[in-house]
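Below you'll find the structure, written out as structure tokens, and then a few comments.
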């Protein structure tokens with residue numbers, strides 16, 4: 001175990017969980033205040049990007065392999081689209097959230113619908129950000145002659 | 001839920017939901033069969049839905065679908081009348097043929113690890129093009145345009161496995177396409193500033209024929225931005241390379257659909273959004289669209305004659321054919337518009353078939369340069385026959401769809417008192433005789449090189465879709481009921497909305 005960059009390592013270990021927590025706050029408070037799936041997804045990914053910057057890309061890839069991220073990208077998107085399809089199956093139009101809770105007098109369905117959709121957005125954005133980061137960070141530093 | 005009430009959204013949501021599933025499928029197991037079969041079934045379902053929409057629009061009338069149950073103009077509306085139902089059917093129909101066609105060709109041309117990504121991207125591209133066509137919301141056009149464009153850049157770049165130049169071609173296309181999309185959004189922003197709404201029909205109502213500099217500028221930005229996407233001369237420079245170095249299947253799909261959708265958007269904005277009675281429109285027709293269309297018809301066709309790569313030649317020919325469509329629009333008459341719509345549909349059929357033939361040659365001979373076509377009539381008789389029939393259709397020989405297009409354009413030209421325009425159309429058709437004739441001569445009269453290895457005809461999975469498309473070239477040339485009648489009614493409705 002090397003002790004290079006000891007301070008940075010300790011700081012990121014302390015920061016990691018609060019960043020994730022803040023991401024979840026932005027995610028689920030997005031209906032009432034500034035925020036939402038896109039911002040939350042980026043913040044969520046930032047925690048792992050910091051981890052990769054300090055601990056090295058290989059360590060982060062052991063925590064979150066690219067294969068898992070690909071699945072998360074798809075599942076996140078399907079959460080979004082699936083909500084739309086579900087409202088269609090429940091008798092509304094695509095993304096007509098009122099169909100989720102038609103009996104509600106204060107459009108509770110709208111609230112559940114956007115919550116589900118934003119959750120999907122957050123998941124897809126976080127995993128896409130990380131996949132992009134992995135690809136850039138994992139690139140060969142020099143472009144070889146035969147690659148031109 | 002009833003299927004009928006949700007029909008308009010199925011062509012969009014189905015490919016969007018299923019494309020990510022294709023990403024998760026194994027790329028190399030069973031030779032990439034799984035994503036191929038899956039996406040093919042999706043494409044067929046989408047085509048069936050589009051055909052049902054066309055039938056419903058033709059018999060009952062325009063369809064309006066409110067997304068999220070929000071009524072327009074606040075919410076996004078899918079509004080389908082005859083004009084876009086026709087384009088929807090073309091795009092999904094070409095898709096339904098290209099997907100089964102793709103398997104063999106793609107396996108030989110792209111990195112086998114990317115097969116699942118390829119089918120997902122092609123599906124998303126189709127969803128984007130259908131979305132651009134189906135929507136009645138101006139900003140939604142931009143969103144779907146970006147969906148289709150971004151997947152197109154990736155699809156073109158996949159050609160890098162065969163030829164590294166695909167990467168620069170894709171990058172060029174990305175830069176140009178982004179500029180086009182930016183111009184389009186700037187135009188939308190100006191129109192939004194002027195009217196406070198983004199619903200196409202509502203913009204028209206709010207404008208109420210008003211004319212000021214801002215609306216004029218917005219209109220100009222939209223036409224130029226979309227012109228870039230449609231490869232309107234002289235903004236076509238991204239296209240020859242993108243089509244030449246993209247995987248053959250991608251070229252076939254894009255050539256038959258992407259530019260047509262952009263032309264459709266130009267027509268839609270001129271007639272439904274701005275209105276042909278808008279004081280600026282005749283000036284735009286006379287001083288911008290018509291001259292550029294004529295220049296494209298001649299310049300691009302002449303350039304096509306001197307290409308020694310068949311796919312590049314076909315791409316330049318597409319620039320010329322886009323010229324015909326815009327020329328028809330620029331007459332400003334109902335007949336001209338109808339002729340444009342007919343040619344839009346027909347040209348999709350011809351170019352799709354021609355590029356499919358090029359894909360078959362690429363698979364068996366491994367090249368799309370003209371030399372590879374020497375003696376092809378003996379080596380691959382069915383592919384050569386398909387190329388010849390589709391080529392004759394491109395020239396405009398009777399009994400093919402090309403003849404119907406040219407005939408409609410000519411009669412529109414003469415009826416609007418533009419005999420010179422008719423002359424120009426015929427004259428530029430002779431250029432098509434030269435560039436297509438050159439390849440046909442190579443195929444039929446030249447002998448293959450002595451040391452050429454013996455090759456088989458293309459596999460059935462490619463011959464059948466290509467055969468269907470070639471048959472469509474002849475069928476719609478003999479039976480004009482579907483295309484011409486529908487286009488005339490669509491043009492009437494578009495012009496009617498402009499009064």
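Taking neighbour counts of Cβ atoms within 10 Å as a proxy for exposure, in what order, fewest first, do B:28, B:334 appear?
Working: B:28 10, B:334 20.
Placing the least packed residue first, the sequence is B:28, B:334.
Is the C-alpha gyration tensor of region B:75-183 telling us rounded, prolate or oblate? Criteria: a/c under 1.5 is rounded; beyond that, a/b larger than b/c is prolate, otherwise oblate. Kindly include the intermediate steps, with their values, before the conclusion.
On the way: a/c = 2.76, a/b = 1.47, b/c = 1.88.
Taking the square roots of the gyration eigenvalues as a ≥ b ≥ c, region B:75-183 is oblate.
Give the Cα extents of region B:370-447 along the principal axes, in whole Å, largest first.
Extents along the principal axes, in whole Å: 48, 19, 13.
Please give the contour-minus-distance gain from residue B:69 to residue B:277: 0.36 nm per residue of separation, less the Cα-Cα distance, rounded to one decimal in nm.
71.6 nm
Can you pull the one-decimal nm distance between simple spin-label points at residue B:29 and residue B:52, each 7 Å off the Cα toward Cβ?
With each label point 7 Å from Cα toward Cβ, the separation is 3.1 nm.
So how far, in whole Å, is the C-alpha centre of region A:4-19 from the one of region A:49-97?
About 26 Å separates the Cα centre of region A:4-19 from the one of region A:49-97.
Note down the nm distance, to one decimal, between modelled labels 7 Å out along Cα→Cβ at residue B:165 and at residue B:287.
With each label placed 7 Å out from Cα toward Cβ, I get 3.9 nm.
For region B:184-270, what class follows from the C-alpha gyration tensor (a ≥ b ≥ c being the square roots of its eigenvalues): rounded when a/c is under 1.5, otherwise prolate if a/b is larger than b/c, else oblate?
Prolate, because a/c is 1.5 or more and a/b exceeds b/c.
Tell me the label-point distance for the pair residue B:305, residue B:464, using the 7 Å Cα-to-Cβ offset, in nm and rounded to one decimal.
Rounded to a tenth, the inter-label distance reads 4.2 nm.
Quickly estimate the mean residue ellipticity at 222 nm for the protein assembly as shown, helices only: each DSSP H run with n ≥ 4 gives -39500 (n - 2.57), and the total goes over all residues, rounded to 500.
For the protein assembly as shown, the value works out to -24500 deg cm²/dmol.
Can you list the residues of region B:181-202 with backbone N under 17 Å from a point 7 Å past the Cα of residue B:213, pointing along Cα to Cβ?
Of the residues in region B:181-202, B:187, B:190-191, B:193-194 have backbone N under 17 Å from the label point off residue B:213.
Determine, for B:356, B:214, B:297, A:88, the number of other Cβ atoms within 10 Å of each Cβ, and report the residues in order from fewest to most.
Working: B:356 34, B:214 14, B:297 26, A:88 20.
Going from least to most buried by this count: B:214, A:88, B:297, B:356.
With everything on Cα atoms, drop me the angle between helix B:401-415 and the longest principal axis of chain B, reported from 0 to 90° to the nearest 10.
Taking the Cα atoms of chain B, the angle to B:401-415 is about 40 degrees.
Relative to the longest principal axis of chain A, what angle (0 to 90°, nearest 10) does the C-alpha long axis of helix A:108-137 take?
So the inclination is approximately 20 degrees.
Treat chain B as a sphere of radius equal to its Kirkwood radius over Cα pairs and apply Stokes-Einstein at 10 °C in a medium of 1.306 mPa s; give the translational diffusion coefficient in µm²/s, rounded to a whole number.
Working: Rh = 22.4 Å.
Estimated via Stokes-Einstein, D reaches 71 µm²/s.
What is the spread of the Cα atoms of the protein assembly as shown along each of their three principal axes, largest first, in whole Å?
78, 68, 45
Need the C-alpha centroid separation for region B:138-209 versus region B:279-293, integer Å.
About 22 Å separates the Cα centre of region B:138-209 from the one of region B:279-293.
Tell me, in nm to one decimal, what length is gained between residue B:446 and residue B:481 on full extension, where the rule is 0.36 nm per residue of separation less the Cα-Cα distance?
Going from the current span to full extension adds 8.6 nm.
Cut-off 11 Å, label point 7 angstrom out along Cα-to-Cβ of residue A:111: give me the residues of region A:76-105 whose amide nitrogen falls inside.
The answer is A:105, whose backbone nitrogens lie closer than 11 Å to the label point.
Which length gain, in nm to one decimal place, applies between residue A:58 and residue A:70 when the Cα-Cα distance is subtracted from 0.36 nm times their residue separation?
Gain on stretching residue A:58 to residue A:70: 2.6 nm.
Using only Cα atoms, find the angle between the long axis of helix A:37-55 and the longest principal axis of chain A, and express it within 0 to 90 degrees, rounded to the nearest 10.
Long axis of A:37-55 versus the principal axis of chain A: about 20 degrees.
Mind sorting B:298, B:269 by how few other Cβ atoms lie within 10 Å of their own Cβ, fewest first?
With the sparsest Cβ surroundings first, the list reads B:298, B:269.
With Rg and the Kirkwood Rh both taken from Cα atoms, where does Rg over Rh land for region A:6-147?
1.11
Since every read-out is calculated from the coordinates, none of them should be taken as a lab result. Keep in mind that this is a model prediction, so the values were computed, not measured. Backbone-built Cβ (ideal geometry, glycine too); neighbour counts: all protein chains shown.
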